[in-house]
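All remarks here apply to the structure that follows.
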Amino acid sequence: MLAKRIIPCLDVKDGRTVKGVNFVDLRDAGDPVELAWQYSQQGADELVFLDITATHEKRKTTIELVKAVAKQINIPFTIGGGINELKDAEILLHAGADKISINSAAVRNPALIDELARSFGRQFVVVAVDTRVVDGENFVYLRGGRDKTDIRTEDWVKEAEQRGAGEILLTSMDHDGTKNGFDNTLLRQINETINIPLIASGGAGKQAHFVDVFQQANVDAALAASVFHYGEILIPELKETLRTNGIVVR
Amino acid sequence: MIGIVNYGAGNIFSLTAALHRVGIAYGMIDKVADFDLYDRIIIPGVGHAGAAMLKLQETGLVQHIIASGKPVLGICVGMQLLTAFSEEGSAELLNIVPLKTLHFEKRIGKKVPHMGWNSIVPKKDCPLFKGISENSYFYFVHSYFIEADEQYTSAFCTYDVVFSAALQKDNFYGVQFHPEKSGKPGEQILLNFSQL
């Protein structure tokens, strides 16, 4: 059986992990490679690195990071942030990234999805979508949930699939940071309209939330950051809980 | 030493990194003259099977791969090239293993591509799976699959249909999953191949 995936997300800036990390046995909590290695040992199925490096010059450190991760980590990983054109993605591909994730750049220039899928295969292209409810309807937001667009989330996800997205990473900005659980209603609704894998993001606070999102929305993967980084949820225990609830995990 | 057929079908950084991690020496086969430097061969591959076949033919290596008798490991599309035919581009392939590579779409009720970790059931006597327990998980990313066959399938996997997670015929081996991305069990497969 295909297993449901658990994906820790690491924010990196200038080649260093930015969000607080609370692992007991880390030598250097700011080293994304060491953190990635820890997660792979704990049974994470995949990793996402979100690069929030501000300046173009510092992007070189990101490339070096991707190379170091690809050399040392034996599970797949995605890198997102700062990918605006084909060339950006190509450099990351050759540095060893398994997938790239694009967000605002795809909304601004949807044809980028087609170009990336045509050039590197759709398995390489994750389209990340930030969504927020306005008057009962979900709309696509840009810049980490700051800028509203007039695009309905469901329409955008469908378009992204048609253009060649290999996966959708959907973050509910209403749930993100609340630790009250994923937006299972929205995720189920979106999941029913697409035929590519859906990664749930935003709202994980306890193990039961992962059980809920897999059982209620039937998503393919669930992503979280702080609950893993602060050790509030340990991946081996989470997997045991999921298994106990009849969810297939590795 | 392992020679990697460097025919431009996909990125091989992850593969070389994995070989390096487990301490297996390797080099690149860019042209026919390189072929004799190595005692076993890996055919990697990502992307389109029909396009990959054309690129492989351009290298002039096809007859050497077929006739050398050296252990050959095809990975992902590299394994699909060992079969007779792929629905991807309606392409005639190497026909080392008389099986077909088929599209998941319309044959299954699940999402395509088949992406993520799936468990496999290896045949007990296949040396590639030495030390790998039944129902071990491996990382797959593919939209086309090789039909399951009693004779040539050396590991089975199920995604609505039962298909070949791995093949073996004589000195030819293939894996549909990515051993370089499949944690410890994947690294074990690469080690096993290096010791065949």
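Data table
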read-out: Conditions (1) among the acidic types (Asp, Glu); (2) farther than 23 Å from A:Gly145 by Cα; (3) modelled with pLDDT of 95 or more: number failed by A:Glu232; value: (3)
read-out: Residue in the stretch B:120-127 that is within 14 Å of chain A (Cβ to nearest Cβ) and under 21 Å from B:Lys181 (Cα atoms) present; value: yes
read-out: Subset of the stretch A:201-250 (residues that are within 14 Å of chain B (Cβ to nearest Cβ) and part of a loop (DSSP other than H, G, I, E, B)); value: A:Asn218, A:Val219, A:Asp220, A:Ile247, A:Val248, A:Val249, A:Arg250
read-out: Helices (runs of 4 or more DSSP H) within the stretch A:34-127 that include 1 or more residues surrounded by fewer than 20 Cβ atoms within 10 Å (Cβ to Cβ), touching a Pro at 6+ places or on another chain (Cβ under 9 Å) and hydroxyl-bearing (Ser, Thr, Tyr); value: none
read-out: Of all residues in the stretch A:128-154 being within 16 Å of A:Asn103 (Cβ to Cβ) and of a type in the set (Asp, Glu), the one that is surrounded by the most Cβ atoms within 10 Å (Cβ to Cβ); value: A:Asp130
read-out: Which numbered condition B:Ile132 misses (of (1) among the β-branched types (Val, Ile, Thr); (2) crowded, with 19+ Cβ neighbours inside 10 Å; (3) over 15 Å from the mean Cα position of the chain (by Cα); (4) over 27 Å from A:Phe77 (Cβ atoms)); value: (4)
read-out: Whichever residue in the stretch B:173-195 is farther than 11 Å from B:Leu128 by Cβ and not in a helix (DSSP H, G or I) and, among such residues, is farthest from the other protein chains (Cβ to nearest Cβ); value: B:Gln176
read-out: Matching option when the condition is within 14 Å of chain A (Cβ to nearest Cβ), touching a Gly at 6+ places or on another chain (Cβ under 8 Å) and not in a loop (DSSP other than H, G, I, E, B), among B:Phe145, B:Phe140; value: B:Phe140
read-out: Positions within the stretch A:39-97 being among the hydroxyl-bearing types (Ser, Thr, Tyr), farther than 14 Å from A:Gly15 by Cα and in contact with a Lys or Arg (Cβ under 8 Å, 6 or more places away or on another chain), in sequence order; value: A:Thr78
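The values are calculated or read from the model by the stated rules, or taken from the named source; none is laboratory data. Small disclaimer: the values here were computed from a predicted structure and weren't measured. Backbone-built Cβ (ideal geometry, glycine too); neighbour counts: all protein chains shown.
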